[in-house]
Amino acid sequence: MQLSALKVFCDLSETESFTKAAQINGVTQSAVSQQISALERQFKSMLIERSKKKFRLTREGEILYEYSKRICHTFDELENKLAEERDIVSGSIRVATIYSIGLHDLPPYMKKFLKAFPTVKIHVEYRRANQVYEDVLGNAVDLGLVAYPNKDPRLEIVPLRKDRMVMVCHPQHPFAKLKVLPIKSLTGQKFIGFEPDIPTRKAIDRIFKDHSINVHTVMEFDNVETVKRAVEIDAGVSILPQTTIAAEAAQGSLVQVPFEGEEFHRPLAALYKKNKVLSPAMKQFLAIVKES
């Protein structure tokens, strides 16, 4: 029996998916099935109830999972401790990020990190916010990057910085001539928003509710890039993080106007699974993305 088989079993137990367990470990689904069968022969026990439509561990499977998790955790601690003693930063980091952070916030930090630690490989997945949480909890990735982080007892949340939120419009829109915008002025405006399950949309909805503002939502999208394209054709105005529209503002295809008398911010955070052993590479990466 190899340690890799126990890790595959832990990943399968946590993701409840042969496909995801295979992806995490860089093997085929067939290889995952073979390793599980080998463990069942080793322990002379059925580990998964195969007759059920929903994935479920047997009692023996639950026991093996608990002990395997401890064994893998201890081995990870050993590897990382030895790496720290030798002052080695190498290996790989798997990151899941929402589009806006991945496209606009992450690149300069990635560049700085890779310059300092060129032997580390970083794999970045662009995901919706709910999928980032799923990936982190299911061990499909090491770290997640999100906005408006949700508290979860299973996760460690590392606050990063806050993005200022501004009104964004087409250069020919009447708002484009203003230096500041009273937020009440958005009442009745055609509005380009995010889809209802996006955290930034929920935050903007709360702002509208707090200020008794009703807008006419004409389009909804799941990422900031599409929202910007809709505003560029003058389909409506929007509220976006200032960092995400810097390029368009410089080119003149979009105009940003801050709100009068108050500021709204979008908090960003990194997250990882509680009790996860952070490798030296992950610690260094977190240290860099935490920089303002």
Would you check if there is a residue in segment 118-139 being part of a helix (DSSP H, G or I), surrounded by 20 or more Cβ atoms within 10 Å (Cβ to Cβ), aromatic (Phe, Trp, Tyr) and at pLDDT 90 or above?
yes
Where Lys202 falls short, out of the listed (1) under 30 Å from Lys69 (Cβ atoms); (2) among the basic types (Lys, Arg); (3) part of a helix (DSSP H, G or I):
(1)
If you take just the helices (runs of 4 or more DSSP H) that sit entirely in segment 1-56, which of them hold at least 2 residues that are in contact (Cβ under 8 Å) with a residue 40 or more places away in the chain, within 24 Å of Ile93 (Cβ to Cβ) and among the aliphatic types (A, V, I, L, M)?
3-15
Count of segment 4-48 residues which are closer than 20 Å to His73 by Cα, loosely packed, with under 14 Cβ neighbours inside 10 Å and modelled with pLDDT of 85 or more:
1
I'd like the full set of residues that are in a helix (DSSP H, G or I) and among the basic types (Lys, Arg), limited to segment 165-199.
Lys177, Lys184
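The values are calculated or read from the model by the stated rules, or taken from the named source; none is laboratory data. Only a predicted model underlies this, so the values are computations on that prediction, with no experimental measurement involved. Virtual Cβ from ideal backbone geometry, glycine too; neighbours counted across all protein chains shown.
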